[in-house]
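Notes follow once the structure below has been shown.
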Amino acid sequence: MMLRVENLVTRFHTYDGVVRALEGVSFEVREGEIFGLVGETGCGKSVTTYSTLRLLPSTGRVHSGRITLAGESLLDASESRMREVRGGEIAMIFQDPLSALNPVMRVGDQIAEAVQLHDDLPDAEAVAARVEEVLGQVRMPDPAGATRAFPHELSGGMQQRVMIAMALAGRPKLLIADEPTTALDVTIQSQVLQLLRQLKQEAGLTVLLITHDLGVVAELCDRVAVMYAGTIVETAPVEELFSDPKHPYTQGLLAALPGASGMLAPVPGRVPDLLAPPSGCRFNPRCPLAVDRCREEPPALRGEARQVACHEVEP
Ligand code: SF4
């Protein structure tokens, strides 16, 4: 197993009280797959990744749970070990590549810097060869021109390719892609998704994809976990999730899909306030199937290949 997250509980201690951001989140990302973590804004997708990378803001704390990367416990690792892991074994790409790139440094120099951080190469020629190699991996058109450019001179899609090239420089075991195509227009979006698929097929890259967009999940992922209010409500192979959604929340999301665009439309009712989440199942105030038990007892995530957290539905 590449990444295993077990019963993760993360809270934020704020002036207004304790925000119960993650309540027993569990999922597994297998080697060589693209695993999607999907849900509405504020459901805890990004908190899950920041907990994994141990990059929570000072108000945030992992209270309990276990996170292992290829068997190594990340919550027990030293801070210096975590610095190696970030950008090394685990690389990240974000929604807005421009904000992650240095605006006054040529793209080639930035990739070279990423290369040198991870590889002890003998000379500038070897560094240039490795830069060329990672640009080839991301199929950068006109790689020589791209290396001479400043980030703002490249299109959004090319900037995202540069970010992926820098991520690949560390030969990561796992790439976390947080809404990597949200800021891109549809054509460019599908080119970047295609690139991630090719990297998975050719280089065996393992990807944890964070997204609110079920269309992206359908296009790219092998398996998916649906998050709601800091909990995982369902995990399934992607085709099965779309053909036979089991959890009432997943069913609501799919029923609300506006035609082909695949963006999540709101399910009736409001996302709960995580300062005072509903007792029992966090979805109970919005759930058409809710019974008394749902207001008292949180449902466990049950099942094997398919998992559902619901008292009223079998996996
Ligand atoms: S546990 Fe109850 S409230 Fe929660 S999704 Fe299932 S039926 Fe609905």
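The values are calculated or read from the model by the stated rules, or taken from the named source; none is laboratory data. Remember, it's a predicted structure, so these values are computed and weren't measured experimentally. In this analysis, Cβ positions are derived from the backbone assuming ideal geometry, glycine residues included, and neighbour counts consider all displayed protein chains. To get the accessible areas, we keep the full protein, side chains included, count just its heavy atoms, and leave off ligands, DNA and RNA. Shrake-Rupley method; radii C 1.70, N 1.55, O 1.52, S 1.80 Å.
Observations on the structure shown:
- Wholly within region 211-315, helices (runs of 4 or more DSSP H) carrying at least 2 residues that are among the acidic types (Asp, Glu), open to solvent by 30 Å² or more (accessible area, probe 1.4 Å) and more than 25 Å from Val186 (Cβ to Cβ): 292-296
- The set of residues from region 239-255 being among the polar types (S, T, N, Q) and more than 21 Å from the chain's Cα centre (by Cα) comprises Ser243, Gln251.
- Only one of the numbered conditions (1) within 13 Å of the ligand (Cβ to nearest atom); (2) under 25 Å from Val47 (Cβ atoms) is not met by Met227, and that is (1).
- Matching strands (runs of 3 or more DSSP E) fully within region 1-55 where at least 3 residues are open to solvent by 60 Å² or more (accessible area, probe 1.4 Å) and closer than 20 Å to Ala309 by Cβ: 3-14, 17-29
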